[in-house]
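See structure below.
Each reported figure results from applying straightforward, stated rules to the coordinates on display, with no laboratory input. Since we're looking at a predicted model, the values are computed, not measured. Cβ sites come from the backbone with ideal geometry, for glycine too, and all protein chains shown count toward neighbours.
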There are 2 protein chains.
Amino acid sequence: MAGYQTFTTEDAMRFADEHSGLFGDHSKLSCEEFGDGNLNLVFRVENDKGSSLIVKQALPYARCVGESWPLTTDRARIEAEVLITHCKLCPDHTVEVLHYDAEQAAILMEDLKDYRILRSELVAAKQFEHLAPQLAAYLANTLYYTSDFALTGPNKKQQLGRLLNPELCLITEDLFFTDPYCNHERNNINIEIRNDAQQLWHDETLHAEVAQLKADFLSKPQALLHGDMHSGSIFINDDNCKVIDAEFGFYGPIGFDVGSLVANLLLNYLGHFGLTADTAAREQHQSYLLSQIETLWQQFAEQFKQLLSNECREPTLQNNLYQQRFMQQIFTDTLGYAGCELIRRTVGLAHVADFEHITDSTQRAHSERKALQLGRELIMQRHELSSINQLITLLRYLK
Amino acid sequence: MAGYQTFTTEDAMRFADEHSGLFGDHSKLSCEEFGDGNLNLVFRVENDKGSSLIVKQALPYARCVGESWPLTTDRARIEAEVLITHCKLCPDHTVEVLHYDAEQAAILMEDLKDYRILRSELVAAKQFEHLAPQLAAYLANTLYYTSDFALTGPNKKQQLGRLLNPELCLITEDLFFTDPYCNHERNNINIEIRNDAQQLWHDETLHAEVAQLKADFLSKPQALLHGDMHSGSIFINDDNCKVIDAEFGFYGPIGFDVGSLVANLLLNYLGHFGLTADTAAREQHQSYLLSQIETLWQQFAEQFKQLLSNECREPTLQNNLYQQRFMQQIFTDTLGYAGCELIRRTVGLAHVADFEHITDSTQRAHSERKALQLGRELIMQRHELSSINQLITLLRYLK
C-alpha cells in the first residue's frame, strides 16, 4: 500500500475516466463524495450528458462507537472479487464492477442512480412484488455455484484461500454472536427493554444454540456468501434490484445469507407496529412482507433444488436423500441466523432504521421486544420448524 | 522448484550434515535409501558412532495402480508444517522435524530407529499397553489446540490458508468417499466378496450418509488434522509411540483423525480371525484391541473435555451444553469415518497388511465381509450410538 492516497474528487474523476470508456473523449466531468465517511469514500463521477459511475475507496480505518481502529484496505479486493464472482453467476442482480485497483484500494462500478436503498423504501412502506423472486434467484445462483455441489475440492479451496477475510469476519463474530449475549460496552440498548436484554445475558440454553451457530460461522465454508445481506445492501426500483457492498464476503454457511435477508424483512414487519399508525395500512404492508418472505424461501429452495438435480458435478453428493436433508439443514440454519440478526439489530451495536425511525421510545420498545422474542424462538425452535409457513405462524402468535 | 533435483545418497548425507550438529566435525557418514519409491525418497544418514537422521524428499509424481501422475512437491512443506505444529502441541508423540528445504522438497527429521511400524507389530499380534493413552494424548492436544476453542478466528484462518492441501485432500475425497461406492477401476476387490462389494454400489441409504461425511470432509475445518491416521503412520516401541507422515494434513473434521485410528485397530481385530489360528491367542489379542479402542476414545474424550473446561479462549464456545453436544458430534463423526475407513480398506484401492497377510482367500473374505458389515453399521447407526461400549457390542454381535 506504499502508493495509497485518499482520493480527492479530482483523483476519483481521473480514476473513473481512465478505467472506463463510458465518458468519451471530450466529456466535462463533475464529482461528489457522498459516503458516510466511516469506512469508505464513495464518489459519483458524472459527465455533462448524464452518464455516471461510482468510485468506492476503502479507508485504512473504521470509525465505530466514536473510536477509530485500523482495518485492512484489502477488503476492497475482497469486495471486488465477491461482486465479480456473484455478477458472473447472477448478472441481473449484482452491481457491476468495471475496475479494481489494489494500490488505491479503489473499485469503479456502475452507478445505480435509478435505484434506491431497499431499507429506506421499506421504512416508507413501499412495496415491490419482484423483491422476493429476484433476491431468491440471486441467493440460489451465487450460493449454489460456489458450493461443493458445483466446484471440485481443489477449485473451491483455491477460491476459499483468496477470500478468508479474517478481519471483517471477526467483526461479525463479535457483533453478531458475542456482544448481544453479554453486557458488552458496544451494545446499544433502549432503556425500556433493558430487562429483556439482560435476560439474554443469562440464558444458557439460548447461548448453547448461539455457540453452535457461531461455530458454524467459523467452520462451515459451504459457499461464497455476500456476508452482509441486509436491506441496506440492496438497491431497488420498480423493475429490478441489485446487491452491493460485499466486503464481508467469505466462504461460510449458506443459511447465514438467507437468514440475514429474512430477518431484515422481519425487522421491517415489526418496525411498522411503530412506524405506521393506520391499522389497515400497517396490516396491508405487513401482509406484503409475509408474502415476500414466503416467496423468498420457496423460490430460493425451489431453484436450489433444481440446480441440485440438474447441475451437481460431484457424484457422491448427487444422492436424493442427502440433498433433501441438505435443504432442511439450510432451512434450519436460515432460521437460526435470522434469529441472531433480529437480536443483534435490537440490542447490539448496529441498529436499523426500521426501529430507529420509531420516534416514541415506548412504541419502539414494543417492536424491539417482539424482535427479541421472535429471535429467540427462531434460534431455539429451528430444528423443529420445517416450513416457512411455520415461521409466519410463529410471527402471528407473538405476544 | 527450478533447482529441484532428486537426491542421491551423497546429497542426502550433505543435507543432513549441513542442517544438524548431530554428527560432529569428523564423522564418517553412510547412507541408505529405503523408501518404497512411490511417493518419496527416504534416506537414513548415519555416522560411525551410530547417530542417525532421516532425510525424506518428496518426488514430483506419485506411482499408483501402475501409472504415474504428477503430484505437487509442496506436500513436503505441508508435512513439515503439520509435524512442527503437532510437535509443539504434543512433543512426546510427534516425530521431530529438524529442517525443511522448500527448493528440494526435503525434510530432515529424527530417526526413530528404536521404533517399529505399529501396523507390522499388530499384525504380529504384539501388544503395547501405552498405545491408546499416548495416541489419545496426541489426538486431544493436536486437535484441541488447532480448533476454534483455542485459536481466534483470524489466527485459525491464517493457518488454514497455509494448509488447504487441495491435491492430497482430493486423493482422499476420491479413494475414501467415492470409489468404494461405485464400480471404479481403481477398486481392488477379493473375488470372493464381489457380491458384497456390489451391494455397496447400489445402497442409496448408505450413500446418503457417506455424502454427508464427504461434505463434512470438504467443508468442516474444525482442527488441523494429521489426515492419514492409520497404523502405518505410527511408530512404536515398548515405551513410546510417535506419529509420522503428515502430508495429508489439513483443517478438517476432528472425527476423521480419531475415526481413522479406531478403524485401523478394528481392521487388525478382524484380520486376526484369519491371521491367528489359535483361538485362545486370537481372543486374547482381540480382547487387548477392544480395551485399547475403549481407552483410546475414553481418554481422548476426557482430555478434550478437560481442555474445553480449562483452556477455552473463545467466550461464546464456553457454554457447557454446547460443549457436551460438541463431544457427542465428534463421537458420531468418529464412528462414521471409522466406518468409511473399514470399507475403503476392504474394497478400495489401498488395502492393509492386516487383511492382505491372510494367505487363504476364503479366510480373508470372512474378515473382509465383517469389515464391510461393521463399516456399514457404524455409518448408519452413528447418530444412535452414544458410547464406545456400544461399538464394542456391535462388534461382538457381527455375524
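What's the long-distance tail for the protein assembly as shown, i.e. % of Cα pairs beyond 33 Å? It works out to 58 percent of all Cα pairs. Ordered by the number of other Cβ atoms lying within 10 Å of each residue's own Cβ, fewest first, A:109, A:229, B:380 fall into the sequence B:380, A:109, A:229. The same position residue B:305 in the other copies lies at 4.1 nm from this copy, comparing label points 7 Å beyond Cα toward the beta-carbon, shortest first. Compactness of region B:282-352 was expressed as the Cα radius of gyration divided by 2.2 N^0.38 Å, which yields 1.47.
Distance from the axis that maps chain B onto chain A is least for the Cβ of the chain B residue given, with the whole Å value, as B:161, 3.
Could you name the aspartates and glutamates whose alpha carbon sits less than 19 Å from that of residue B:49, not counting residues in the same chain fewer than 8 places away? Here the aspartates and glutamates satisfying the reach criterion relative to residue B:49 are B:10, B:17, B:18, B:25, B:32, B:110, B:111, B:114. Taking the inverse of the mean 1/r over every pair of distinct Cα atoms in chain A gives a Kirkwood hydrodynamic radius of 21.9 Å. Taking only the Cα atoms of region A:1-55, the radius of gyration and Dmax are 11.6, 36 Å.
Model label sites at residue A:361 and residue B:191, defined 7 Å from Cα along the beta-carbon direction, differ in position by 8.7 nm. Over region B:310-398, the pair-distance histogram of Cα-Cα distances with 10 Å bins from zero comes to 16, 37, 25, 14, 7, 2 percent, rounded to whole numbers. Here region B:47-63 and region A:1-59 have alpha carbon centers that stand 59 Å from each other. Taking other C-beta atoms within 10 Å as the exposure proxy, B:14, B:313, A:344, A:369 rank B:313, B:14, A:369, A:344 from fewest upward. Measuring from centroid to centroid over Cα atoms, what is the spacing of region B:76-138 and region A:311-390 in Å? For region B:76-138 versus region A:311-390, the Cα centre distance is 46 Å. You can think of it this way: the chain between residue A:170 and residue A:36 has 46.0 nm of extra reach, that is 0.36 nm per residue less the Cα-Cα gap. When residue A:84 is represented by a point 7 angstrom out along its Cα-to-C-beta vector, the spacings to that point in the other copies are 3.2 nm, nearest first. Taking every alpha-carbon pair in region A:146-185 and binning the separations at 5 Å intervals from zero gives 5, 21, 17, 14, 13, 12, 9, 7, 3 percent. Here the simple spin-label model places points 7 Å from the Cα toward Cβ, and for residue B:120 and residue A:120 these points are separated by 7.6 nm. Looking at region A:234-288, none of the chymotrypsin sites (Phe, Trp or Tyr not before Pro) sits in a DSSP loop with at most 15 other Cβ atoms within 10 Å of its own Cβ. The mean of 1/r over all pairs of different alpha-carbon atoms in region A:134-287, once inverted, gives a Kirkwood hydrodynamic radius of 17.7 Å. Legend: calculated FRET efficiency, residue A:325 to residue A:183, from the Cβ-Cβ distance at R0 = 51 Å, rounded to 0.05, equals 0.85. Of the GluC sites (Glu not before Pro) in region A:308-399, which ones lie in a loop per DSSP and count no more than 10 other C-beta atoms within 10 Å? In loop regions of region A:308-399 (DSSP not H, G, I, E or B), the sparsely surrounded GluC sites (Glu not before Pro) are A:384. Sorted from nearest, the other copies put their residue A:182 label points 4.8 nm away, the label point being 7 Å from Cα in the direction of Cβ. The lysines whose alpha-carbon is closer than 18 Å to the alpha-carbon of residue B:88, local same-chain residues fewer than 8 away aside, are B:156, B:242.
For the Cα trace of region A:36-177, dividing Rg by the Kirkwood Rh returns an Rg/Rh value of 0.98. Per residue, the convex hull around the alpha carbon atoms of region A:9-110 comes to 107 Å³. The fewest-to-most ranking of A:383, A:272 by surrounding Cβ atoms within 10 Å reads A:383, A:272. The simple Förster model, with R0 at 45 Å and r as the Cβ-Cβ distance, assigns residue A:313 and residue B:48 a FRET efficiency of 0.15.
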